[in-house]
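Working notes, beginning with the structure itself.
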Amino acid sequence: MQRKLRMGMVGGGPGSFIGAVHRIAANMDGKVELVCGAFSSSLDKSKETAKQLFLSEDRVYANYEELISKEAALPEDERMDFLSIVTPNFLHFAPAKLALENGFHVVLDKPMTITLEEAKELDSLAKQNNLVFCLTHTYTGYPMVKEARDLVSKGVLGNIYKVYVEYPQGWLSTFGADNEELESPSSWHTDPAKSGLAGSMGDIGTHAFNMAEYVSGLEVTAVCAALNKVVPGRRLDDDGAVLLQFGNGATGVLMASQVATGEENNIKVRVYGEKGGLEWQQDIANTLLLKWRDKPAQIYRTGGAYVGSFAKHNTRVPAGHPEGYLEAFANHYRNFASTVLASINGETPSAEELDFPGTKAGVRGMAFVESVVSSGDSEQKWTPFAV
């Protein structure tokens, strides 16, 4: 059966940045339609969002509990197929758990939860119920990031020796007058009750960690972390650096800072092996730089005829036409949707369609957070990875 997947959404109401991004990404390839939502803790605001999105008022709910219970009661050909959760961190676990318990696939913004225990529970539920789960680690959706991973996995760089990944931002470089930080719409990022154990390491450090493991194809086995609260009055880390130990003996360095004044979102990864290295950064996302020991450097570009199947699968326009953040985000939604539709139709999704972050990435992300916080608080420093 050829049809669109029906999506419900929790969060993403008035003023939400990430909710709008999810909706654009889900809609980009025509595989998904938004049919219902609980967009805000205020029903009036939720209805306001629904009106802007041309949704029927009878599919707008007061909260996620009502959404899931009433959608589950609808006929199979009407109810939502999956739930997209675009709330602050502390509201990830409960709606995701309830959705999985009621047979709905899930797309969830990162990090997966606020504790490793919760992440493991969602992983177990998704597997037990044979449901598809996507965690939106945006940056691994870029075609040239996928090309980088593909080249590493094929052994083009040889044995991997070193991984560097950095994510600098500057939006938290000041606290704000009159306790402004505590009142702003984004205040939950620095509130331990809503963000979890970590600030910058939970928010953008998890992206950097996911990038390091995804591109290198290696898994971190131990960390040595230094976390900082640079701005006076801040309750969670706003800056940090982590030494990484990988399973094959390679080492790495991860930096995540939200007090790098003037920086935006230029996440960058470098991987070095015995034969050569590679470098990618979001500011020039269509470019992948390859460096060799015994020949000139090469520049790979999105859309080039020479790239592999994973990069081609995630490219929409011919070479020379820039693809960016929204397209990378949409790649995760498209691959998730293709995998769910294949399941509905009794088909086997391709390896390229299955290439999106799932529960394993979520569990390892939360293990990263707990490990680096533990290491940062310890005098021992080198801390085994706590999966």
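So the values come out like this:
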| quantity | calculated |
| --- | --- |
| Hits in the range 21-46 (condition: of a type in the set (A, V, I, L, M) and free of Cβ contacts under 8 Å to residues at least 60 places away in the same chain) | 34, 35, 38, 43 |
| Answer from 85, 114 - the residue that is in contact with an Asp or Glu (Cβ under 9 Å, 6 or more places away or on another chain) and either acidic (Asp, Glu) or on the phi < 0 side of the Ramachandran plot (or both) | 85 |
| The range 10-34: number of residues that are closer than 22 Å to residue 93 by Cα, among the β-branched types (Val, Ile, Thr) and out of contact with any Phe, Trp or Tyr (no Cβ under 7 Å at 6 or more places or on another chain) | 1 |
| Condition check for residue 212: surrounded by fewer than 16 Cβ atoms within 10 Å (Cβ to Cβ) and in a helix (DSSP H, G or I) | no |
| Test result for residue 351, more than 19 Å from the chain's Cα centre (by Cα) and farther than 18 Å from residue 82 by Cα | yes |
| Residue among 297, 225, 241, 250 that alone is buried (at least 22 other Cβ atoms within 10 Å of the Cβ) and either under 25 Å from the mean Cα position of the chain (by Cα) or free of Cβ contacts under 8 Å to residues at least 12 places away in the same chain (or both) | 225 |
| Matching entry among 21, 35, 60 (being under 23 Å from residue 339 (Cα atoms), in contact with a strand residue (DSSP E or B) (Cβ under 9 Å, 6 or more places away or on another chain) and in the same structural domain as residue 85 (by TED's automatic domain parsing)) | 35 |
| Tabulated pairs, the range 187-215, first at positive phi, second of a type in the set (Phe, Trp, Tyr) and surrounded by fewer than 24 Cβ atoms within 10 Å (Cβ to Cβ), C-beta under 9 angstrom, 6+ apart or interchain | 196/90 |
| Tabulated pairs, the range 160-171, first under 13 Å from residue 207 (Cα atoms), second among the hydroxyl-bearing types (Ser, Thr, Tyr), C-beta under 6 angstrom, 6+ apart or interchain | 168/257 |
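The values are calculated or read from the model by the stated rules, or taken from the named source; none is laboratory data. Worth saying up front: this structure is predicted, and the values here are computed from it rather than measured. Cβ sites come from the backbone with ideal geometry, for glycine too, and all protein chains shown count toward neighbours.
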